[in-house]
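Take a look at the structure set out below.
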Amino acid sequence: MAQIRSQLNPRSADFEANAQAMSTLVDELRTQVAQSAQGGGQAARDKHSARGKLLPRERIQMLIDPGTSFLELSPWTSTTTKPHARVSSLESVGSMIKSA
């Protein structure tokens, strides 16, 4: 099989600029995932909890066995490009559960 030779230079200014830009984007994505995991604003969570209801991720944790892997497939579902669209926190939890 023919070998593919890389022409990438990890010491070049372009490489370093791209690496920094990617690092910034990854940090932004991590922030968005953390915000999504909150399940809405604090007022909405408090209102839900005051009614004696569990938040969606709390319900999932109670449903799955301890030690079971849980992979959330769509943490950005609750974010939308339509400013007036509303997505409930339950709809925003898309997941895959795998038995250990």
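Here, each number is a calculation from the coordinates, and none is a lab measurement. Just so we're clear, the structure is a prediction, and the values are computed from it rather than from any experiment. Neighbour counts are summed over all protein chains in view; Cβ atoms, including those assigned to glycine, are modelled from backbone coordinates with ideal geometry.
Taking the inverse of the mean reciprocal distance over all distinct Cα pairs, the Kirkwood hydrodynamic radius of segment 12-80 comes to 14.8 Å. For segment 29-72, applying the loop criterion from DSSP together with a ceiling of 12 other beta carbons within 10 Å to the trypsin sites (Lys or Arg not before Pro) yields 51, 53.
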